[in-house]
Amino acid sequence: MFNNFASNNPLTLIPLVAITGFLDGIHPCAIAILIFFIAFLITLQKSFKNIFAVGLLYIFIIFLTYLAVGVGLFSGVVILGQPHFFARLGSWLLIFLGLIHIKDAFFPQLPPHFRMPSFASGRAKELLAKTTLPSIALAAFLVGLCSIPCAGGIYVAITSLLASKTTYFTGLSYLILYNIMFVLPLLILLVFAANPLTLAKIAELKEKNEKAEKLVMGTMLLALGVFIFKFLI
């Protein structure tokens, strides 16, 4: 029923694209770097207007980088002509990614892990500390590119599903929606930068509830993977 419904009316994929884009956007990589960046600017006593402007640049570059990766994946799947195979692969990646998150909730030291490479995270923080426009843009590009290992299974699954269910240009428009939702958590966090105490509280709550966060995220990714595999492919 779900399969036929989605095939006959691709608009039914919009909620799925929006939800998965938001889920992808709350991974720890980009948010942790943005919290560091805003906190650093606050210590330099920059105005909120300044923080907001450079924060928007940072987020916009991440948006463009992640969108470019998605367009490349989408075009590759279309060219190869095996969208259903890649959609199945993506759903299994979602299931695997969900299991990894659940594992990290209970056994955080046990490999494997999906996270930004440590060298990339360190380099991004070094670039952000310079607070020049080129260094911020380069750091954002690095974060956007290296965020793929954190939750790339979500992107592969949705991109492949779009390739199998939509036309080329409709799929690209859905990718834009996905990436808007992907950066939405960063935009919300940037607004909170107006109040340093609120930002510090968010960081503290995130650290205290890390286990619950990973458990909830893992369960949702697992459910999404099963849903896509059973009903949409």
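The values are calculated or read from the model by the stated rules, or taken from the named source; none is laboratory data. Given the structure is predicted, the values throughout are model-derived calculations rather than measurements. We place every Cβ from the backbone using ideal geometry, glycine too, and count neighbours over all the protein chains shown.
Has region 135-149 got at least one residue that is at pLDDT 85 or above, more than 16 Å from Ile26 (Cα to Cα), among the β-branched types (Val, Ile, Thr) and part of a helix (DSSP H, G or I)? Yes, because at least one residue in region 135-149 is at pLDDT 85 or above, more than 16 Å from Ile26 (Cα to Cα), among the β-branched types (Val, Ile, Thr) and part of a helix (DSSP H, G or I). Is at least one residue of region 1-12 modelled with pLDDT of 80 or more and either within 22 Å of the chain's Cα centre (by Cα) or surrounded by 13 or more Cβ atoms within 10 Å (Cβ to Cβ) (or both)? Checked against the condition, which is being modelled with pLDDT of 80 or more and either within 22 Å of the chain's Cα centre (by Cα) or surrounded by 13 or more Cβ atoms within 10 Å (Cβ to Cβ) (or both), region 1-12 yields no hits at all.
Taking Ile154 and the conditions (1) under 25 Å from Leu222 (Cα atoms); (2) surrounded by fewer than 21 Cβ atoms within 10 Å (Cβ to Cβ); (3) β-branched (Val, Ile, Thr), which numbered condition does it fall short on, given that it satisfies the others? It fails just one condition, (2). Of all the residues in region 203-233, those that are part of a helix (DSSP H, G or I) and either surrounded by fewer than 16 Cβ atoms within 10 Å (Cβ to Cβ) or on the phi > 0 side of the Ramachandran plot (or both) number 15. Taking the condition β-branched (Val, Ile, Thr), closer than 18 Å to Tyr155 by Cβ and either surrounded by fewer than 20 Cβ atoms within 10 Å (Cβ to Cβ) or modelled with pLDDT of 85 or more (or both), does Val54 pass? Considered against the rule, which asks whether it is β-branched (Val, Ile, Thr), closer than 18 Å to Tyr155 by Cβ and either surrounded by fewer than 20 Cβ atoms within 10 Å (Cβ to Cβ) or modelled with pLDDT of 85 or more (or both), Val54 comes out as no.
Residues in region 83-114 that are crowded, with 18+ Cβ neighbours inside 10 Å and basic (Lys, Arg): Arg88 alone. Among Lys103, Lys125, Lys46, which is the only one that is modelled with pLDDT of 85 or more and among the charged types (D, E, K, R)? The conditions single out Lys103. Cβ-Cβ distances below 9 Å connect the following pairs, each with a first residue in region 47-66 that is closer than 18 Å to Ser147 by Cβ, a second residue that is outside any helix (DSSP H, G or I) and polar (S, T, N, Q), and a separation of six or more residues or different chains: Ile62/Ser147; Thr65/Ser147; Tyr66/Ser147. Restricting attention to region 38-72, the residues that are over 18 Å from the mean Cα position of the chain (by Cα), at negative phi and not aliphatic (A, V, I, L, M) total 8.
Among the residues making up region 177-186, those that are buried (at least 16 other Cβ atoms within 10 Å of the Cβ) and among the hydrophobic types (A, V, I, L, M, F, W, C) are Ile180, Met181, Phe182, Val183, Leu184, Leu186.
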